[in-house]
Amino acid sequence: MDENLEKEISTLQQWVDESDNIVFFGGAGCSTESGIPDFRSVDGLYNQSFDYPPETILSASFFKSNPEVFYKFHREKLVFPGAQPNAAHYKLAELEKAGKLKAVITQNIDGLHQMAGSQNVLELHGTIHRAYCSKCGKSYPEEVLFTGTDVPRCECGGVIRPDIVLYEEGLDESVMDRSIQFIQNADLLIVGGTSLVVYPAAGLLRFYNGHRLVLINKDSTPYDTQADLVIHAPIGEVLDQIKVNP
């Protein structure tokens, strides 16, 4: 391991040991080590070729006007039934179980944090593991989204949709408010696997009042100069080195 990386991880270990109110804020990079592609890297969804840009397909207006294309994209590019949590997910769950981590705030919709054992997960962008009718609001099991090739429809005739936040839609205010509260109270804020360019989610960092802001990401972010510790490495590899001490 690189000597600088060793020093950075050692500092992170010390801060984790000294903290009892840790909050984690993460993005797509948390799941790339589980085989789920992110959006903005070289191999990400935004750099693959489709008939429409991914941000267009994942917009509320496109979903309403082209549900067939939306669901083709959804089944091919958003659903990874074999994906399993990686070292980052498991370490965060371990920190929570030890009473040190108070919340996981995630932009991901894959449910891997919960699969790893995390209990208090705030999903800013919703989840593919819940579904409801866009017309009457009736809840449906997630299986209706993953099977078949047709557009899933409710008994009322409405199109069933995944419980995710599409482009052109606002984030859930209650989830945002709770996220802000956890971040404001944190003595250590670890931000990992996110480019920090998607708003309003990225704006949550401004609510952190402490002096231990850690950014773990393979690439640079707009917030690197504001962080107290920056580690440019895969988050799973970094967190796997952290020991959870009582």
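The values are calculated or read from the model by the stated rules, or taken from the named source; none is laboratory data. If you're wondering where the values come from, they're calculated on a predicted model, not measured in any experiment. Reconstructed Cβ throughout: ideal geometry from the backbone, glycine too, with neighbour counts over all protein chains shown. These accessible areas exclude ligands, DNA and RNA; they are computed on the full protein's heavy atoms, side chains included. Shrake-Rupley method; radii C 1.70, N 1.55, O 1.52, S 1.80 Å.
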For the Cα atoms of the chain, what angle does the longest principal axis make with the long axis of helix 87-97, in degrees from 0 to 90, nearest 10? 70
Relative contact order of the chain: what whole-number percent is it, with Cα pairs under 8 angstrom and at least 6 residues apart? 24
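Provide the FRET efficiency to the nearest 0.05 for the Q119-T11 pair, computing r from the beta carbons and using R0 = 30 Å.
0.60
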By DSSP, what percent of the beta bridges with both residues in the chain are antiparallel, rounded to the nearest 5? 30
Note the angle between two axes, namely the Cα long axis of helix 3-18 and the longest principal axis of the Cα atoms of the chain, as a number of degrees from 0 to 90, rounded to the nearest 10. 90
Quick check: at a probe of 1.4 Å, how many percent of the accessible area of the chain sits on carbon and sulfur atoms? 48
Relative to the first principal axis of the alpha-carbon coordinates of the chain, what is the inclination of helix 173-185, with its axis defined by its Cα atoms, in degrees from 0 to 90 and to the nearest 10? 0
Can you classify segment 174-229 as rounded, prolate or oblate using the Cα gyration tensor, where a ≥ b ≥ c are the square roots of its eigenvalues, rounded means a/c under 1.5, and otherwise it's prolate if a/b beats b/c and oblate if not? oblate
When the helix-only estimate is applied to the chain (DSSP H runs of n ≥ 4, each -39,500 (n - 2.57), divided by the residue count), what is the mean residue ellipticity at 222 nm, nearest 500 deg cm²/dmol? -8000 deg cm²/dmol
Identify all lysines with a Cα-Cα distance to K243 below 19 Å; exclude those on the same chain that are fewer than 8 residues away in sequence. K7, K91, K97, K100, K102
Amide H within-cut-off set for Y132, under 5 Å, with H built and near neighbours excluded: Y140, R161, D163
Report relative contact order for segment 152-246 in percent, whole number only (criteria: Cα-Cα under 8 Å, sequence separation at least 6). 21
